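Here's the structure we're looking at; comments come further down.
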Amino acid sequence: MEIKKSNKAFQSKKTNLFIILSGIFLTNAILAEIIGVKIFSGEMTLGFEPVGWTIFGDYVLDFNLTAGAVIWPVVFITTDIINEYFGKKGVRKISFLTAFFIAYIFVIITIVTKLHPAPFWLEVNSPDPEGNSFNIDYAFNTIFRQGLGIIIGSLVAFLLGQLIDVFVFQKLRKITGPKMIWLRATGSTLVSQFIDSFVVLGIAFYIFGNWSWAQIVSVGIINYIYKFSVAILLTPLLYLGHHWIDRYLGKEIAEKMTEEAMEDTSFL
């Protein structure tokens, strides 16, 4: 009887933990895709002038990033935590589920932007604060509707980055054991985000767009530097998350889950 109660409690805590982590992962990944259409200046946001570096000839490079990059590090951290306690299967499950919902959202947005706007909606929103003519339907469609290349690039880069991250993470865990969480988290992010940063740009703006390789490499470097730097700065949150989860699960359950999670180190 006691064994049944113990197993039931274990499964309940395990399920609750996966639901919470999956919710955090899914919300931030989808939100990053939606707000990613906005490009912001990192320097001007912090009150500095754009650096205006010249790279690859005459190409001027500034710290311009997509708004989605602001919260993407949360996805890194959540991936590593899911990987630690649920292994490759857990990360793969939530990654494919997230990719499906991202695709679903883009389909719905495409359909919605095709709907004919109500005349009164256009009229009441026609002037901007300065009194200039403003087409809110055009603004809505421009903001939410992304090109096919960006959608495909985002999905491919997302899935490839997640698979590489979980693979490298598990390989490093085999070497480090339960210690040195920062090493496997940072190491897996270092590799996976390098791939992610360039794959999404290459597909979206080189294959489907008109960017040059110089632009792809330049912007990819800036995105990679930001993602990797923030991931390192947020490492304390990774330890805080582990501490909270270990307390919630209990030492015995936490150790059992992490041991099970590290058994499968295959890529797929």
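The values are calculated or read from the model by the stated rules, or taken from the named source; none is laboratory data. Remember, it's a predicted structure, so these values are computed and weren't measured experimentally. Ideal geometry is used to build each Cβ from the backbone, glycine not excepted, and the neighbour counts take in all protein chains shown. For accessibility, only protein heavy atoms count, side chains too; no ligands or nucleic acids. Shrake-Rupley method; radii C 1.70, N 1.55, O 1.52, S 1.80 Å.
Can you name every residue in the range 13-40 that is of a type in the set (Val, Ile, Thr), closer than 14 Å to Ile94 by Cβ and open to solvent by 40 Å² or more (accessible area, probe 1.4 Å)?
Listed by number, the residues that qualify are Thr15, Ile19, Ile20, Ile24, Thr27.
Of all residues in the range 230-252, how many are under 22 Å from the mean Cα position of the chain (by Cα) and open to solvent by less than 50 Å² (accessible area, probe 1.4 Å)?
Here the count works out to 8.
Could you figure out which of (1) under 30 Å from Asn210 (Cβ atoms); (2) of a type in the set (Val, Ile, Thr); (3) surrounded by 14 or more Cβ atoms within 10 Å (Cβ to Cβ) isn't true of Val107?
The number of the failed condition is (3).
Checking the conditions here, which among Asp80, Asp62 is closer than 17 Å to Leu234 by Cβ and not aliphatic (A, V, I, L, M)?
Among Asp80, Asp62, only Asp80 is closer than 17 Å to Leu234 by Cβ and not aliphatic (A, V, I, L, M).
Test each condition in (1) at pLDDT below 80; (2) open to solvent by 30 Å² or more (accessible area, probe 1.4 Å) for Glu255 and report the one that comes out false.
Tallying (1) at pLDDT below 80; (2) open to solvent by 30 Å² or more (accessible area, probe 1.4 Å), Glu255 fails exactly one: (1).
Looking at Lys114, Lys89, which is the one that is open to solvent by 80 Å² or more (accessible area, probe 1.4 Å), free of Cβ contacts under 8 Å to residues at least 24 places away in the same chain and of a type in the set (Lys, Arg)?
One residue alone meets the criteria, Lys114.
Taking Ile77 and the conditions (1) open to solvent by less than 80 Å² (accessible area, probe 1.4 Å); (2) assigned to a helix (DSSP H, G or I); (3) free of Cβ contacts under 8 Å to residues at least 24 places away in the same chain, which numbered condition does it fall short on, given that it satisfies the others?
Result: Ile77 passes all but (3).
Counting only residues that are open to solvent by less than 60 Å² (accessible area, probe 1.4 Å) and charged (D, E, K, R), which one in the range 123-161 is nearest to Gly36 (Cα to Cα)?
Across the range 123-161, the extreme among qualifying residues is Asp137.
It is to be established whether one or more residues within the range 203-218 are within 19 Å of Pro73 (Cβ to Cβ) and crowded, with 18+ Cβ neighbours inside 10 Å.
No: zero hits.
Under 9 Å between Cβ atoms, at least 6 apart or on separate chains: pull out the pairs that start in the range 33-44 with a residue that is over 18 Å from Asp62 (Cα atoms) and among the acidic types (Asp, Glu) and end on any residue that is part of a loop (DSSP other than H, G, I, E, B) and open to solvent by 20 Å² or more (accessible area, probe 1.4 Å).
Listed pairs, sorted by first residue: Glu33/Gln146.
Given the conditions (1) closer than 24 Å to Asn16 by Cβ; (2) not charged (D, E, K, R); (3) not in a helix (DSSP H, G or I), and given that Thr98 satisfies all but one, which numbered condition is not satisfied?
Result: Thr98 fails condition (3) only.
Over 25 Å from Lys8 (Cβ atoms), out of contact with any Cys (no Cβ under 8 Å at 6 or more places or on another chain) and modelled with pLDDT of 80 or more, is that true of Val230?
In short, yes.
So, in the range 209-268, of the ones that are in contact with a helix residue (DSSP H, G or I) (Cβ under 9 Å, 6 or more places away or on another chain) and of a type in the set (Phe, Trp, Tyr), which residue ends up farthest from Leu172 (Cα to Cα)?
Trp211
What single numbered condition from (1) within 28 Å of Leu238 (Cα to Cα); (2) free of Cβ contacts under 8 Å to residues at least 24 places away in the same chain; (3) of a type in the set (A, V, I, L, M) fails to hold for Ile108?
(1)
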